[in-house]
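K.L.:
Once you've had a glance at the structure underneath, I'll fire off some questions.
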Amino acid sequence: MPIELDVIIGTPDYSVDMTAGLATLQGVSDATLHVAETVLNEKLVERHTRASNIRTKLKKSFKGSYGVRFSLEVEEAKYIAKLKSIGQGTLVELIKYFIAESMYQECEKLSAKAEKELAKLGYKADDLVGIIRKSALSDIHKVPEQYNFDVVLRRHSSRDANQNIALFTHATSQLNKAKISTRKLSIKGAITRYNIHTGNGRLLVEGANKTVAFGFKGDYRAVSVSYRSMFSENLDYNNRVSDENYKYLSLTAQSLRQHDETIIKYLLVYADED
């Protein structure tokens, strides 16, 4: 029961450095498999083996920069049944979601079915993001970082219909080099997305026009239900009003910053309703 996918490396011709190219393809394969195995097996798998019944297979290359087709193959009966139950589209949604999360990007709203599968993973969802960041992202970005060529992961549907899943660029290659600042900041933030199972989400800092990722400093499992509820309630309120009427929380946070001091994530230390 294959899901057909493409990787396109934006080279000026139909070739790519073999060492960097193979590393990038391996990283894409690993990220895809991490999500698929976790969703279908509901168990985190950090290393893939030849014995796995969920695997990727290279198909063929194609013209148009440097393109390679591959498939995500699901072979064991119980995994096939789960994939049929949730649908290939839902699994692709979740692959897109987890890759976006690993790069601190905002993902488009998930379908109800994808949200349900995400909720089932609980804390494993955050662990999965960590695994992708730790292993796959570094390999994926070998070509963008070394040669400044963009890499696109797509779902290959037909000649005229392809769904973009992720874009990897020289800019996104710098995300894994971000460092946590120990300085605490006082900000006012409106919650625009929040996963109560992982503690991750996005907020809009008062006066800004673009949301930023946030999470909690320390072990989210230790955060009280009442403390979590404050964020859920703020999100519920903001979902019902226009941007200019958002309700803001007073937050204390540390920041995850890139080399140019761009903040890509806030790590919340304390919050109090404004």
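The values are calculated or read from the model by the stated rules, or taken from the named source; none is laboratory data. Bear in mind that the values here come from a model prediction, so they are computed numbers and not experimental data. Note that we place each Cβ from the backbone using ideal geometry, even for glycine, and neighbour counts take in every protein chain shown. For the accessible areas, the whole protein counts, side chains as well, though only heavy atoms, and no ligand, DNA or RNA atoms are used. Shrake-Rupley method; radii C 1.70, N 1.55, O 1.52, S 1.80 Å.
K.L.:
Being out of contact with any helix residue (DSSP H, G or I) (no Cβ under 9 Å at 6 or more places or on another chain), of a type in the set (S, T, Y), modelled with pLDDT of 90 or more and open to solvent by less than 20 Å² (accessible area, probe 1.4 Å) is the requirement here; does S71 meet it?
P.N.:
Working: out of contact with any helix residue (DSSP H, G or I) (no Cβ under 9 Å at 6 or more places or on another chain): yes; of a type in the set (S, T, Y): yes; modelled with pLDDT of 90 or more: yes; open to solvent by less than 20 Å² (accessible area, probe 1.4 Å): yes.
So S71 passes the test.
K.L.:
Can I ask one more? Would you please list the contacts, defined by Cβ atoms under 7 Å and residues six or more apart or on different chains, that run from a residue in region 85-107 that is under 16 Å from L72 (Cβ atoms) to a residue that is in a loop (DSSP other than H, G, I, E, B)?
P.N.:
Going by the 7 Å Cβ cut-off, the qualifying pairs are T90/S111; E93/L110; E93/S111; K96/C107; Y97/C107; Y97/L110.
K.L.:
Residues K188, K179, K210: which one is without any contact (Cβ under 8 Å) to a residue 12 or more places away in the chain, touching a strand residue (DSSP E or B) at 6+ places or on another chain (Cβ under 9 Å), of a type in the set (K, R) and surrounded by fewer than 18 Cβ atoms within 10 Å (Cβ to Cβ)? Write out each step before concluding.
P.N.:
On the way: K188 fails: without any contact (Cβ under 8 Å) to a residue 12 or more places away in the chain; K179 fails: without any contact (Cβ under 8 Å) to a residue 12 or more places away in the chain.
From the options K188, K179, K210, the qualifying one is K210.
K.L.:
When region 219-248 is examined, which residues are found to be more than 20 Å from Y104 (Cβ to Cβ), among the aliphatic types (A, V, I, L, M) and either touching a Phe, Trp or Tyr at 6+ places or on another chain (Cβ under 9 Å) or exposed (fewer than 10 other Cβ atoms within 10 Å of the Cβ) (or both)?
P.N.:
A222, V223, V225, listed by residue number.
K.L.:
Determine the pairs where a residue that is without any contact (Cβ under 8 Å) to a residue 40 or more places away in the chain, located within region 234-259, has a partner that is hydrophobic (A, V, I, L, M, F, W, C) with Cβ atoms under 8 Å apart, the partner being 6 or more residues away or on another chain.
P.N.:
D243/L204
K.L.:
Can you find a residue that is in contact with a Leu (Cβ under 9 Å, 6 or more places away or on another chain), surrounded by 18 or more Cβ atoms within 10 Å (Cβ to Cβ) and more than 28 Å from K124 (Cα to Cα) anywhere in region 167-174?
P.N.:
No, region 167-174 has no match at all.
K.L.:
Just one of V28, V45, V39 is modelled with pLDDT under 90, within 18 Å of the chain's Cα centre (by Cα) and open to solvent by less than 60 Å² (accessible area, probe 1.4 Å); which is it?
P.N.:
Numbers: V28 fails: modelled with pLDDT under 90; V39 fails: modelled with pLDDT under 90.
Exactly one of V28, V45, V39 is modelled with pLDDT under 90, within 18 Å of the chain's Cα centre (by Cα) and open to solvent by less than 60 Å² (accessible area, probe 1.4 Å), namely V45.
K.L.:
Give me the pairs, please: first residue somewhere in region 122-135 and on the phi > 0 side of the Ramachandran plot, second residue anywhere and open to solvent by 50 Å² or more (accessible area, probe 1.4 Å), beta-carbon distance under 6 Å, and either six or more positions apart or on two chains.
P.N.:
Filtered contacts from region 122-135: G122/H197.
K.L.:
Oh, and also: If you scan region 48-67, which residues turn out to be within 22 Å of the chain's Cα centre (by Cα) and among the β-branched types (V, I, T)?
P.N.:
Answer for region 48-67, where residues must be within 22 Å of the chain's Cα centre (by Cα) and among the β-branched types (V, I, T): I54, T56.
K.L.:
Further, regarding this structure: So, of the residues in region 111-125 that are open to solvent by 60 Å² or more (accessible area, probe 1.4 Å) and in contact with a helix residue (DSSP H, G or I) (Cβ under 9 Å, 6 or more places away or on another chain), which turns out to be farthest from F70 (Cα to Cα)? Step through it out loud before you land on a result.
P.N.:
In the first step, residues of region 111-125 are kept if they are open to solvent by 60 Å² or more (accessible area, probe 1.4 Å); the result is 112-113, 115-116, 120, 123-124.
With the extra rule that they be in contact with a helix residue (DSSP H, G or I) (Cβ under 9 Å, 6 or more places away or on another chain), the set shrinks to 113, 116, 120, 123-124.
Details: K113: 25, K116: 28, K120: 28, Y123: 30, K124: 27 Å.
This residue is Y123.
K.L.:
Moving to a separate point now. Which residues, taken from region 1-25, are polar (S, T, N, Q) and either surrounded by 16 or more Cβ atoms within 10 Å (Cβ to Cβ) or in contact with a Gly (Cβ under 7 Å, 6 or more places away or on another chain) (or both)?
P.N.:
Here is the first cut: in region 1-25, the ones polar (S, T, N, Q) are 11, 15, 19, 24.
Scanning region 1-25 gives T11, T24.
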